[in-house]
Amino acid sequence: MTKTQAAPLLEVKDVVAGYASEVDILHGVSITVHGGEMVAIIGPNGAGKSTLLRAIFGLLAARRGQIKLKGQDVTNHAPNELVLRGLSYVPQVDNVFPSLSILENLEMGAFIREEGLAERLEYVLSLFPDLAGRRGEKAGKLSGGQRQMLALGRALMLDPNVLLLDEPSASLSPKMVDMIFDRIKMINAEGTGILLVEQNAREALSVCHRGYVLAMGENRLEGEAKSLLDNEEVGKLYMGT
Amino acid sequence: MILAGKRPAWARGLKPSDFIATAVLLTITLAIPFIAYEQSRGAFPDGNIAGTMSFYTAFLVTVGVFALLTMGLNIQWGYTGVINFGVLAFFMLGAYTTAIITKGDPQGDFTTYIGGWGNDLNLIPALATDQWLPFVIATAAAALAAGLLALLVAFPTLHLREDYLAIATIGIAEVMRRVVIEERWMVNGSRGLTGVPQPLGGLVDQSDYKYLNVVIVGIVVIIVFFALERAVRSPWGRVLRGLSDDEEATAASGKNVFAFKTQSFVVGAAIMGIGGSMYAYAFSALSPDAFTHLFATFIFWAMLMVGGSGNNKGAIAGAYVIWGLWTISLQMQGYELGDVIESRMPFIRGLLLGVAIVGVLLIRPLGLLPQERRVSAWVERRVKKERSTPAPPAET
Amino acid sequence: MATPQTISPNLGDRLRGFQRSAGNIAAGGGLWAAIIGFTVWAAFAERDALTVGIVLGAILALGAVGLTLIFGVLKFAHFAHGDSMMLSAFIAWLLLNGIIVGERAGSETTLLPVTINDLPGADSAIWEFSFGYGLIVAMLLTAVLTAGMMVGIDRVVYRRLRRRKSGIVIFAIASLGLAFVMRSVILIFWGPTPRLYTPGIRNRIDLPFDVSVLADQLFILAAAFVVTGIVYVMLFRTKLGKAMRAMADNPDLALISGIDTDRIITWTWAVAGCLIAVAGVLLALQAHLDSELGFALLLPLFAAAIVGGLGNPQGALVGGFVVGITQEVAVTFDFLSPGYKFSVAFAILILILLVRPRGLFGERS
């Protein structure tokens, strides 16, 4: 871990972005994810958390700033190129293909890759045994939690270096939230860097290594997850304590 | 870019296509009188003034009627983005409604139709009459009928995606044509209706009626034009623009959007009904064969796209340009183009209309007359959005 | 690290799922009962019309599957579908005998130096059919040409509109413009007179249960069956087909997954082009080659696709038969003259939009 910290996996520098013909939502945000790290972005509603993930993944043009993946500049690269370079993204909603079977969903996750598919599939299904038993079923029939598992599984099919997760715990039962975070930890333990956006700040900071607090499209605070958890301002503002 | 510096002050900021647009307008305006004169030579070797004028007035009346229909389509598509691929239905309904109200009782064994209140309204037998109120009422009835039909089509489809309405309008056009052809008792089937009385025919000599015809159609076009311009700038029109400018608000007040779209669809259809009514008066004869998809739906799309969507002046200009080019190409048929081209001329014209629509969409989405930008909120915003959104950078 | 454990969906999730499917069954049930009841009744009362309806249904199904594929992947209503079907029918005609309208309207001339009918025995009738193997060859060649044509049109027109992020209404109007271009091309080359692939009498075949069909109609059914099978395998067994369905389901997620959406779109046009060509040739075999037919055909095609749920290929297949059968049987009623055939399709379309806009098979509202 100390070795990889020299060259960060994902580096976001002063990114300014917003939707077309509207005002900017991000006014210069900087974020770093080192190898093997699990990083949380928290902040109030409208802070620009999800927008940041979309900008990193090339779904939204960054008007200024730079995004580097493994030291290489990938600012405003198209999603299909970023996928090839080892970046995966799980959106908050609509993150499965509802009329495709579970197996086909996973297959689509690995669309651009031919070799090693079987092993990869085995790994993902071993991570989510729930899915393994229902592999022929349509994804549209899954419950909210199972959908989230499938979405994670789809993103893992390409063995990404960095996984971007947009509110993986949104609208799940507490039991399911624990389960999902548990799986994310397992994925991280395999060496995949994780950048997740969370409304549920306490839960997120308790599993992540480091955290960033975003407000009004700008960096507000950053630090070790533990220290943020103990931080009075963070507690007051975003955790309701 | 290189030329820009050498242009005089008034021409700066004009695009090459602006010059082409001006050239097209000028060519048509100069060519039509010439063609009118040429046409009259068919009967009189040296040409004659009456022949020239009757060709010329017929041209203007047609442009006027088509301008009405194009303005109706403009309210639907240009301002609100509602697609109507069945202009034919509302056009035809307006024309037939007018005809059966103003015509006299059916004459002869092979003529059957409903209505025929012309005698009761004192429009018949005096074919030349100076009554005006019944004609206005018949036109209002045409507008009302077309508007009601629009309401009927809008109800099941307008709250769905835009293209469902487009499909439904094709359907209503097909049903309208079928009913007219199959139900002979209703409007005389494929034999059609002739002898629709002429408004204010008693005021002038029959041979001079063509001038009055131009004046009447012209007045209706002007009334509709100014009424629409007022409406678009009224609170009603502002709601429209406000809604189409702010997508958040659009989504938030879904019900209002539905109501507004319905209103604009109905108003547009009513104007098409008025256009149909004017068609019946101006040409005095109706036949289902005349209401083809090409001549009763498609040509108005070409006129609106070429003239400029979301701009009433553009709608009128489009009607003028397209019908002008159509007329010029009809005249060219008289020259030696060779049998191969000549026998296919009608189809080539259809082809060019299709190409014109696609070409305008690809090259000049705002049409010939883009200056009236204030009004064309919907299309303007669309185009702006298309231009400002950066293309995905590394798309293959 | 905790070992993976199975998690069952909570009760709320289950209940909601059950409610949803129960509602679906109730709303769809009435329609299904009506459709099946009508078909069974027709099997006794109007057997001939039902037979023709099934043949027409197979053709409409092919067309509607193509239409629904385009709608699913590209998200717009392809208003040039009927006219492209007719244009490909005429392309097959050209390949068969090379004939176009001559210098004067009404006269004829040959455009191609070599045609399929020049092949030995190409036009001598097979079995009881009215045509030889030439027509089948022409149909397959046309499928390739039409696929190329659709891809070409996409490159020149639709792709540019996509790059500009044009709205669906712009695509609709562009496709209407192209529909008229195609219809005009037919008229320019072949004129307004309806044509037949082969002249002469059509042989009838007697089947059990008092059913008699034209031999050609058996061919239409068989060909439609084979092509549908191929498309089914393509959509559900190949990676390409799965990616098409994925794009139809969730285009954003397809992009996020790294699917090359441009390539999938190209292939969608190619597949739709093949379906258009086969449907067009079969339709011309059942009815005739006629420039007027293309645009009118939009109604039953869209009705079929909407009955099955726009974007759903299996749905479009069933929808094709529903519309084809209803259309043919309904005009045997005394109060409906045969001229109202396409109006019946329109009535079905409005009914389904009122009762169940997402179609018989649509799951999402």
For region C:158-180, pairs from a residue that is assigned to a loop (DSSP other than H, G, I, E, B) to a residue that is crowded, with 21+ Cβ neighbours inside 10 Å, with Cβ under 7 Å and 6 or more apart or across chains, are C:GLY167/B:ARG382
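What helices (runs of 4 or more DSSP H), lying completely within region A:151-241, carry at least 3 residues that are buried (at least 17 other Cβ atoms within 10 Å of the Cβ), on the phi < 0 side of the Ramachandran plot and more than 14 Å from chain C (Cβ to nearest Cβ)? Outline the logic, then answer.
On the way: elements: A:174-189, A:201-207, A:225-230, A:232-238.
Because the criterion is at least 3 residues that are buried (at least 17 other Cβ atoms within 10 Å of the Cβ), on the phi < 0 side of the Ramachandran plot and more than 14 Å from chain C (Cβ to nearest Cβ), the helices (runs of 4 or more DSSP H) in region A:151-241 that meet it are A:201-207, A:225-230, A:232-238.
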C:GLY280 being within 14 Å of chain A (Cβ to nearest Cβ), out of contact with any strand residue (DSSP E or B) (no Cβ under 7 Å at 6 or more places or on another chain) and surrounded by 20 or more Cβ atoms within 10 Å (Cβ to Cβ) = no
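Looking at region C:287-308, can you tell me whether even one residue there is in a helix (DSSP H, G or I) and among the polar types (S, T, N, Q)?
As a first pass, look at region C:287-308 and keep what is in a helix (DSSP H, G or I): C:293-296, C:298-307.
Now restrict to residues that are among the polar types (S, T, N, Q): none.
Checked against the condition, which is being in a helix (DSSP H, G or I) and among the polar types (S, T, N, Q), region C:287-308 yields no hits at all.
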Taking the options C:ALA345, C:ALA270, C:ALA330, name whichever one is farther than 19 Å from C:PHE38 by Cα and either in contact (Cβ under 8 Å) with a residue 12 or more places away in the chain or more than 10 Å from every other protein chain (Cβ to nearest Cβ) (or both).
-> C:ALA270
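Go over the candidates C:ILE205, C:ILE188 one by one and state the one that is buried (at least 19 other Cβ atoms within 10 Å of the Cβ) and in contact with a Leu (Cβ under 7 Å, 6 or more places away or on another chain).
Working: C:ILE205 fails: buried (at least 19 other Cβ atoms within 10 Å of the Cβ).
Matching residue, one of C:ILE205, C:ILE188: C:ILE188.
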Test C:GLY362 against the stated conditions and say whether it is in contact with a Lys or Arg (Cβ under 7 Å, 6 or more places away or on another chain) and at pLDDT below 90.
-> no
Here is a list of conditions, (1) of a type in the set (Ser, Thr, Tyr); (2) surrounded by fewer than 16 Cβ atoms within 10 Å (Cβ to Cβ); (3) in contact with a Ser or Thr (Cβ under 6 Å, 6 or more places away or on another chain), and C:THR198 meets all of them except one; can you say which number that is?
-> (2)
Would you be able to say whether some residue in region B:66-86 is surrounded by fewer than 21 Cβ atoms within 10 Å (Cβ to Cβ) and under 28 Å from B:GLN206 (Cα atoms)?
-> no
Within region A:122-141, tally of residues that are more than 8 Å from every other protein chain (Cβ to nearest Cβ) and under 17 Å from C:ALA246 (Cα atoms) = 5
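Where in region A:8-104 are the strands (runs of 3 or more DSSP E), entirely inside, with at least 3 residues that are of a type in the set (Gly, Ala, Ser) and more than 12 Å from every other protein chain (Cβ to nearest Cβ)?
Here the list is empty.
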Going through region C:148-185 one residue at a time, which ones are farther than 15 Å from C:ALA77 by Cα and of a type in the set (S, T, N, Q)?
-> C:SER184
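Within region B:348-365, take every residue that is facing another protein chain (nearest Cβ under 7 Å) and more than 14 Å from C:VAL181 (Cα to Cα) and give me the one that is surrounded by the fewest Cβ atoms within 10 Å (Cβ to Cβ). Can you show your working first?
Here is the first cut: in region B:348-365, the ones facing another protein chain (nearest Cβ under 7 Å) are B:348, B:350-351, B:353-355, B:357-358, B:361-362.
In the following step, the residues that additionally are more than 14 Å from C:VAL181 (Cα to Cα) were identified as B:361-362.
Working: B:LEU361: 20, B:LEU362: 16.
This residue is B:LEU362.
Residues are listed down the side, and each one gets a yes or a no for (1) among the hydrophobic types (A, V, I, L, M, F, W, C); (2) farther than 15 Å from C:LEU69 by Cα; (3) assigned to a helix (DSSP H, G or I); (4) in contact with an Asp or Glu (Cβ under 8 Å, 6 or more places away or on another chain):
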residue	(1), (2), (3), (4)
C:GLN217	no, yes, yes, no
C:ILE220	yes, yes, yes, no
C:GLY241	no, no, yes, no
C:TRP267	yes, no, yes, no
Across region C:160-184, which residue is nearest to the other protein chains (Cβ to nearest Cβ) among those that are farther than 16 Å from C:MET150 by Cβ and of a type in the set (Gly, Ala, Ser)?
-> C:SER184
Options C:ALA222, C:ALA147: the member that is more than 14 Å from chain B (Cβ to nearest Cβ) and farther than 30 Å from B:MET305 by Cβ | C:ALA222
Does region C:251-260 contain any residue that is in contact with a strand residue (DSSP E or B) (Cβ under 6 Å, 6 or more places away or on another chain), crowded, with 22+ Cβ neighbours inside 10 Å and either within 20 Å of A:PHE111 (Cα to Cα) or within 14 Å of chain A (Cβ to nearest Cβ) (or both)?
-> yes
Kindly establish whether C:ILE306 is within 17 Å of B:LEU160 (Cβ to Cβ) and surrounded by 24 or more Cβ atoms within 10 Å (Cβ to Cβ).
-> yes
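The values are calculated or read from the model by the stated rules, or taken from the named source; none is laboratory data. Just so it is clear, the model here is predicted, and its values are computed rather than measured. Cβ coordinates were reconstructed from backbone atoms using ideal geometry, including for glycine residues, and neighbour counts include every protein chain displayed.
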